[in-house]
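The values are calculated or read from the model by the stated rules, or taken from the named source; none is laboratory data. Here the structure is a predicted model, which means the values were calculated and not measured. Cβ placement follows ideal geometry from the backbone for every residue including glycine, while neighbour counts extend to all protein chains displayed.
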Amino acid sequence: MRENRIFALCYRCAAFMLCLAGILATAGAFAGRFNWRMLLYYTTESNIMVLAMFGALIAKTAAGIKKGGTEGGCSYFERLSAIVMLSITVTLIVFWLLLAPYFGGGMGLLTFTNMQVHAITPLLMIFDYFLFAEPGKLKKHDPWIFAVIPLGYFAQSTALGFSGFKYGGLSSAPATRFPYFFLDFDLIGSRVFLYVLALTVFFMALAYLLLWYDRRRGGLAR
């Protein structure tokens, strides 16, 4: 399957549409009450990154079919794909380990919108990377580049919060200055930095694990 460009194109088109549906649903587009503030959560931003990545992969896959036929490699933008894949993996892990218990669990977590942006889209991106990306493309300094995404989001959310911006969801919950409890200076004060440090260490560990896997897989492939 990994050498079948028709399969890769169909997979990526389906993933693109599902990802888009999740983003629009999160922002309330299907309910007739679009809330642009929802686009500034890490979950939504990482989903938008995946949407753009699948769009680029669709274009390259279609070009590959036109130029080289239906059989052949489907690997493009390997390092960028790795960055996006790790960024959305953070969404998957942090939500289900930190946020889901904080929200109290329950069947509300199993709605289409929630499952799409916190589980389905992350898994689609992870599967795409490990199924199609050619191994051996990552560089030894890439984990430090990968860390720019989550740390950049921390800087963004902190700057917006202290500037007076209010994050507001589609529910009746009151708006807050910060998007998540572990980034909420109003709620936990300076302990935010402990959460950020722990999450950064965890993210870097994932990045170096991916680098090790990529090099090992690349060596086996040659």
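Points worth noting:
- Count - residues of the range 26-62 that are touching a residue at least 60 places away in the same chain (Cβ under 8 Å), surrounded by fewer than 14 Cβ atoms within 10 Å (Cβ to Cβ) and not small (Gly, Ala, Ser): 1
- The set of residues in the range 176-194 that are part of a helix (DSSP H, G or I) and surrounded by fewer than 18 Cβ atoms within 10 Å (Cβ to Cβ) comprises 181, 185, 186, 187, 188, 191, 193, 194.
- Figure legend. Inter-residue proximity from the range 63-82: first residues surrounded by 17 or more Cβ atoms within 10 Å (Cβ to Cβ), second residues hydroxyl-bearing (Ser, Thr, Tyr) and assigned to a loop (DSSP other than H, G, I, E, B), beta-carbon distance below 6 Å, spacing 6+ or different chains. No pairs are indicated.
- For the range 1-30, filtered to residues that are in a helix (DSSP H, G or I) and charged (D, E, K, R), the residue that is nearest to residue 75 (Cα to Cα) is 5.
- Residue-level analysis places residue 126 among those that are out of contact with any Phe, Trp or Tyr (no Cβ under 6 Å at 6 or more places or on another chain), hydrophobic (A, V, I, L, M, F, W, C) and modelled with pLDDT of 95 or more.
- Looking across the range 157-166 at every residue that is part of a helix (DSSP H, G or I) and in contact (Cβ under 8 Å) with a residue 24 or more places away in the chain, the one that is nearest to the chain's Cα centre (by Cα) is identified as 157.
- Residue within the range 143-154 that is surrounded by fewer than 14 Cβ atoms within 10 Å (Cβ to Cβ) and hydroxyl-bearing (Ser, Thr, Tyr) present: no
- Residue 47 being within 30 Å of residue 195 (Cβ to Cβ) and in contact with a Cys (Cβ under 8 Å, 6 or more places away or on another chain): yes
- Number of the condition not met by residue 212 [criteria: (1) farther than 30 Å from residue 11 by Cα; (2) exposed (fewer than 12 other Cβ atoms within 10 Å of the Cβ); (3) not acidic (Asp, Glu)]: (1)
- The single residue among 204, 125 that is crowded, with 18+ Cβ neighbours inside 10 Å, touching a residue at least 24 places away in the same chain (Cβ under 8 Å) and in contact with a helix residue (DSSP H, G or I) (Cβ under 8 Å, 6 or more places away or on another chain) turns out to be 125.
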